[in-house]
There are 2 protein chains.
Amino acid sequence: MVSGPVSASKEKLRLWIRLLRASRTIEGELRERLSTEFDTTLPRFDVMAALYRVPDGMLMSDLSRFLLVSNGNVTGIVDRLVSEGLVQRGQRNGDRRTSIVQLTKAGKDTFRTMAAAHERWVGELLAGVTKSDAKQLTSMLKAFRSNWEGRE
Amino acid sequence: MVSGPVSASKEKLRLWIRLLRASRTIEGELRERLSTEFDTTLPRFDVMAALYRVPDGMLMSDLSRFLLVSNGNVTGIVDRLVSEGLVQRGQRNGDRRTSIVQLTKAGKDTFRTMAAAHERWVGELLAGVTKSDAKQLTSMLKAFRSNWEGRE
DNA sequence: ATATGAAGCTTTATACTTAAAGGGTATATC
DNA sequence: GATATACCCTTTAAGTATAAAGCTTCATAT
């Protein structure tokens, strides 16, 4: 077979490229809408979304692990959210190393509004994906993650 | 239905989150390996990959459209690639506005080496995805893109 | 020829991102 | 209770990213 079956790695490369392009397209749209509609950014939204799930707050290091971004990165984003009055820092026990971060009242209120719009946007952006495809894709990607997570 | 079936938009939100996390995980790994193995970065690799497909080169604006990044961004990345001797700028016809960018001989050679490793890495990272899943995911994502592309 | 507008790229200001280094704090071990 | 070690966060330097403004050049129409 001359131009025979595509190798497994080629198939995976193709998958990766499509995954990346889909991601970037969606990210770009969300970024733009967050900017025009709410005068905020995707990283800030992501931090707020992470915090909203956890009323008691998170450590900076938890936040960076959860969001899959570097430690130092989170510092700057939280700084800005604090100066906007959406997030506050505190301490846990008496431990002066730690910095527990949580949404303020204003932060929660703001987030609820944004989250509703955000969910609607994602729904629109993925309008072409059927519900059963969505479920299937989700579980395939979940399999990827859990397969990967044990490593490094 | 009170806590009935998960709404379509929730299902899509979940999909988006998984998509993003998979993307970030893979991107992070590739970034790190490109850095340690070849002392380069993912954006530079992406530019080189785009150029490698097109021996005659691309306009800066084509490059930014293709890579889904902003115009000004490409300028800086290409600047660095030029200073590394991997890429060169030229002009098309007599048009002094345009800047045709293409890989140099050294750029092509370097890219071939990196691309082989890159394909191998992606294969490893997606080791848990079966070939038929890969095909199916790819075509679903393709459907998303073509559904989206006509817009804006 | 000249004005108008569009095309193509770079520059600017601001923000995000990483890796690595740095500094303070807690915990374990002796 | 001194020392070592690990933990947690911030700072730094370099690079990437965007949007918007700016510049030059080309094409078109007058």
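Scanning residues 5 or more positions from A:Val87 or on other chains, those with amide H under 5 Å from its amide H are A:Val82, A:Thr104, with H placed 1.01 Å from N in the peptide plane. What translational diffusion coefficient, in µm²/s and rounded to a whole number, does the Stokes-Einstein relation yield for the protein assembly as shown at 4 °C and a viscosity of 1.567 mPa s, taking the hydrodynamic radius as the Kirkwood radius over Cα pairs? Once the numbers are plugged in, D ends up at 60 µm²/s.
Could you work out the mean count of beta carbons from other protein chains within 10 Å of each residue's beta carbon in B:100-113?
Taking the mean over all residues of the peptide, I get 0.
Proximity of backbone amide H atoms, modeled 1.01 Å from N, is registered between B:Ser99 and B:Met60 at under 5 Å, excluding neighbours fewer than 5 places apart on the same chain. The long axis of helix A:8-38 is offset from the longest Cα principal axis of chain A by roughly 40 degrees. The residue among A:Ala116, A:Ser23, A:Ala143 whose Cα reaches farthest toward the positive pole of the charge dipole of segment A:8-152, with charges on the beta-carbon of Lys, Arg, Asp and Glu, is A:Ala143. Taken one residue at a time, the phi angles of segment B:103-118 give Karplus couplings (6.51, -1.76, 1.60, θ = phi - 60°) of 6, 7, 4, 4, x, 5, 4, 4, 4, 4, 4, 5, 5, 5, 5, 4 Hz. Gly and Pro are set to x.
For segment A:58-67, putting each phi into the Karplus relation 6.51 cos²θ - 1.76 cosθ + 1.60 with θ = phi - 60° gives couplings of 9, 6, 4, 5, 4, 4, 5, 5, 5, 8 Hz, in residue order, rounded to whole numbers and with x for Gly and Pro. Distances, shortest first, from the label point of B:Ser9 to those at the same position in the other copies read 4.4 nm; the point lies 7 Å along Cα to C-beta. Solvent-accessible area of segment A:8-110 (1.4 angstrom probe, protein heavy atoms only): carbon and sulfur portion equals 47 percent.
Surface exposure of chain B, expressed per residue as accessible area with a 1.4 Å probe, stands at 55 Å².
Over chain B, DSSP H runs of length four or greater, each weighted -39,500 (n - 2.57), average out per residue to a 222 nm ellipticity of -23000 deg cm²/dmol. The same position A:Thr41 in the other copies lies at 1.5 nm from this copy, comparing label points 7 Å beyond Cα toward the beta-carbon, shortest first. About its Cα centre, segment A:9-126 has a charge dipole of approximately 440 debye under the convention of +1 per Lys or Arg Cβ and -1 per Asp or Glu Cβ, with nothing else charged.
Chain A versus the axis that turns it onto chain B: the residue with the nearest Cβ and the distance in whole Å amount to A:Ser23, 2.
Across segment A:93-99, computed HN-Hα scalar couplings (Karplus, 6.51 cos²θ - 1.76 cosθ + 1.60, θ = phi - 60°) run 6, x, 5, 7, 7, 6, 9 Hz from first to last residue, x flagging Gly and Pro. Sorted from closest to farthest, the other copies place their B:Lys108 label points 6.3 nm away, with each point set 7 Å from Cα along Cα→Cβ.
Once you've got the Cα coordinates, tell me which of A:Lys105/A:Lys135; A:Lys131/B:Lys135; A:Lys105/A:Lys142 are over 30 Å apart. Listed pairs above 30 Å: A:Lys105/A:Lys135; A:Lys105/A:Lys142.
The values are calculated or read from the model by the stated rules, or taken from the named source; none is laboratory data. Just so we're clear, the structure is a prediction, and the values are computed from it rather than from any experiment. So basically every Cβ, Gly included, is an ideal-geometry build from the backbone, and we count neighbours across all protein chains shown. Note: accessible area is taken over every heavy atom of the protein model, side chains too, but ligands, DNA and RNA are not part of it. Shrake-Rupley method; radii C 1.70, N 1.55, O 1.52, S 1.80 Å.
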